[in-house]
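K.L.:
Dropping a structure here in structure tokens format, bear with me for questions.
The values are calculated or read from the model by the stated rules, or taken from the named source; none is laboratory data. Note that this is a predicted model, so its numbers are computed, not measured. Neighbour counts are summed over all protein chains in view; Cβ atoms, including those assigned to glycine, are modelled from backbone coordinates with ideal geometry. Just the protein is used for accessible areas: all its heavy atoms, side chains included, with ligands, DNA and RNA removed. Shrake-Rupley method; radii C 1.70, N 1.55, O 1.52, S 1.80 Å.
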Amino acid sequence: MQVVEPRTGLAVAVRATIKRDLTLMLRRRGEVINPLVFFALVITLFPLGISPDTALLAEIAPGLLWVAALLATQLSLDVLFRSDFDDGSLEQLLLAPQPLPALVLSKVLVHWLLTGLPLAVMAPLLGIMLALPVESYAVLALSLALGSASLSLIGAIGAALTVGLARGGVLLSLLVLPLYIPILIFGAGAVQAAVLGASAAPHLALLGALLAMALMLAPWAIAAALRISING
Amino acid sequence: MTFRLEGRGLGCERDDRWLFANLDLTVGPGEMLRVEGPNGSGKTTLLKILSGQLTEHDGELRWGGQPMRRSRTTFLANLLYLGHAPGVKAALSPLENLAWYQALNGERGSESARMTALDEIGLCGFEDVPVGQLSAGQQRRVALARMLLSPRPLWVLDEPFTAIDRQGVAALETRLQAHVVRGGSVILTTHHELAPMAALRRVALGVS
Amino acid sequence: MWAFIHKLGSPKWFYAISARLTPWFWAAAAVLLVVGSVWGLAFAPSDYQQGNSFRIIYVHVPAAILAQSCFAALAVAGGIYLIWKIKLADMAAAVIAPFGAAMTFVALFSGAVWGVPTWGTWWVWDARLTSMLIQLFLYFGVIALRGAFASRDSGAKAASVLALVGVVNIPIIKYSVEWWNTLHQPATFTLTERPAMPADMWLPLLVMVLGFYCFFIALTLTRTRSEILRRESAKRWVRDLADGHAGGRR
């Protein structure tokens, strides 16, 4: 029997993984929609809990929107590797003759496409409800789109570390939320700057820098964490 | 170029408990190795080591004469591993599941080849049904269909006969034998009595 | 060099060598801490602005420095464990993490106490205190993750990865919090930043910092030694050691 030479074909594998995860998520639409509903629900709680006073709401809106979006992303992370772990396909993914960081990066990309990006698109709608000044909507959506990509990447490290644990949900928040703080600061800062009429460019640039760094380091950390979890 | 998987002095310690130690084994073309032992003797762990998943172990593992660390990618391209869980997604159809597995190996494959493989494994008519609606045995057959799709010389199978009916078991046995006759090699664990085969060798764990 | 590292990584060898070092570090810690405390609390001049309340610096600053060093040590130990699979590094990491969390807590608590006379309140969202608080959460994460795994080895590896991820993030968190702080509360009075502290103020501080470090090293050595005995209790040399002790007493 002939020995098989390793093919390159990384592009084929990455494209197939993206397509597979997109198909899976679109067949279980609830998992895509739930974080969005959660986001809207949390935003609804604040005027009820604090005050419907528009001046006050407008002032705290950037922070509220960012914190709520961050929690929604975090809650959706637990399922990122969980079902693959349960049915054994994570094991097979780790045995693919392809660089694992590239494969997990495509999984994270799908998570961002179906969680972070919809949240960013939806945020201006909730901004209206919080009386956020109109000028800041573009920056709000842009900062969330940029920032949530980092959130997905960093969160995936936590998800990979806890995927082997039966009840990893609360632990996952404990691991991931402290690491989210810089992104929250710059993201909410960008929207605040836009509200005040200042340039949001420095904040967005810093968010971009954080994303570049997360893109560089996180895939390796995720891959290492998955190898640990699969043998736990 | 021929292939050979060699393990010298293999041992595995988990949380200060030695599952096995000082194990020597080789598997080459046309050979079948059956790992035996009672529950908890480390069969699955040994299979995970031999399939390159667990890298933390004593001793040395070589593929084609080279240490595993250096030949890992070549090794993985030649390996077909089936674990306890079938590794198929419940929300995808058998065809979609197989397409992903082919793509992971860098090949696009063709729809007709996948159809043929599914027919041959006994899933004719179920090609487009979500796997979640199939029985446990049928789900395992979807995983087994990977054997027919891409020719991989080394098969590492952890309890491949689980949940499969009698005809399926007979067919799988013939398939394993044919693979060995063609010059492939098989490493497996099973509680099932295998029909006598010429090239079958055994490794016993947990007999001390 | 390679052989030396592996020898150092052997628990038995470490147990023997640390037996000789540990008493010295305990003694040094005791002397430095006593000298530093007496000097700092009784003899150093009081601050012209804050009066005697500034003396809490002699606890707050060493604890804060140690809290950060411990996280770095945790990450180094984690890296060594992941790369070279030296179990001793993980035993040390298991011991360092709770101590680092305790030091972070001491720094937070002393900062809060210091806040009462300076700011008139227990808590102000001061940049230093805030990043200390976040660091405490990071410590909790590492400790919780290690405990969550059924297999000790897997828990150790997961905690090591998290410590490495955390150590990359700590400087980013620190700078982003500082930046956030200047944005929201311009020109607040920071606890420990002051123009040119006179020598008779910072010398006792230096002694205290060194004392804390010696205490940390002594405690880590002692606790790692008992961790070694616990984990290696099935090994022959530990049994011989125990038999020897029992025999000696009889």
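K.L.:
For A:Ala188, state whether it is in contact (Cβ under 8 Å) with a residue 12 or more places away in the chain, open to solvent by 10 Å² or more (accessible area, probe 1.4 Å) and part of a helix (DSSP H, G or I).
P.N.:
In short, yes.
K.L.:
With the requirement that a residue be under 17 Å from C:Cys70 (Cβ atoms) and outside any helix (DSSP H, G or I), what does the stretch C:109-123 give you?
P.N.:
none
K.L.:
Continuing with this model, one more query. Need the failing condition index for A:Leu95 against (1) crowded, with 18+ Cβ neighbours inside 10 Å; (2) under 15 Å from the mean Cα position of the chain (by Cα); (3) not small (Gly, Ala, Ser), just the number.
P.N.:
Here A:Leu95 clears every test but (2).
K.L.:
Looking only at strands (runs of 3 or more DSSP E) that lie completely in the stretch B:1-62, which have at least 1 residues being within 14 Å of chain C (Cβ to nearest Cβ)?
P.N.:
Per the criteria, B:5-14, B:17-27.
Yes/no per residue for (1) within 26 Å of A:Leu22 (Cα to Cα); (2) crowded, with 21+ Cβ neighbours inside 10 Å; (3) among the aromatic types (Phe, Trp, Tyr):
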| position | (1), (2), (3) |
| --- | --- |
| A:Pro47 | no, no, no |
| A:Pro52 | no, no, no |
| A:Ala61 | no, yes, no |
| A:Leu65 | no, yes, no |
| A:Leu70 | yes, yes, no |
| A:Thr73 | yes, yes, no |
| A:Leu77 | yes, yes, no |
| A:Phe81 | yes, yes, yes |
| A:Asp84 | yes, yes, no |
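K.L.:
Sort through C:Val106, C:Val76 and tell me the only one that's in contact with a helix residue (DSSP H, G or I) (Cβ under 7 Å, 6 or more places away or on another chain), under 21 Å from C:Gln135 (Cβ atoms), at pLDDT 95 or above and part of a helix (DSSP H, G or I).
P.N.:
Only one candidate passes the filter, namely C:Val106.
K.L.:
Go through (1) closer than 24 Å to B:Gly52 by Cα; (2) free of Cβ contacts under 8 Å to residues at least 60 places away in the same chain; (3) within 14 Å of another protein chain (Cβ to nearest Cβ) for B:Phe161 and report which single condition fails.
P.N.:
For B:Phe161, the failing item is (3).
K.L.:
Hey, another quick one. Evaluate the stretch C:26-34: report whether one residue or more is under 19 Å from C:Ala92 (Cα atoms) and at pLDDT 90 or above.
P.N.:
Yes; the residues of the stretch C:26-34 include at least one that is under 19 Å from C:Ala92 (Cα atoms) and at pLDDT 90 or above.
K.L.:
Which condition from (1) touching a strand residue (DSSP E or B) at 6+ places or on another chain (Cβ under 9 Å); (2) open to solvent by 40 Å² or more (accessible area, probe 1.4 Å) is the one that B:Ser150 breaks?
P.N.:
(2)
K.L.:
May I pose another question? Are any of the residues in the stretch B:121-130 crowded, with 18+ Cβ neighbours inside 10 Å, out of contact with any Ser or Thr (no Cβ under 6 Å at 6 or more places or on another chain), not in a loop (DSSP other than H, G, I, E, B) and not basic (Lys, Arg)?
P.N.:
no
K.L.:
For the stretch C:117-165, how many residues meet the condition of being at the interface with chain A (Cβ under 9 Å from one of its Cβ atoms), β-branched (Val, Ile, Thr) and without any contact (Cβ under 8 Å) to a residue 24 or more places away in the chain?
P.N.:
1
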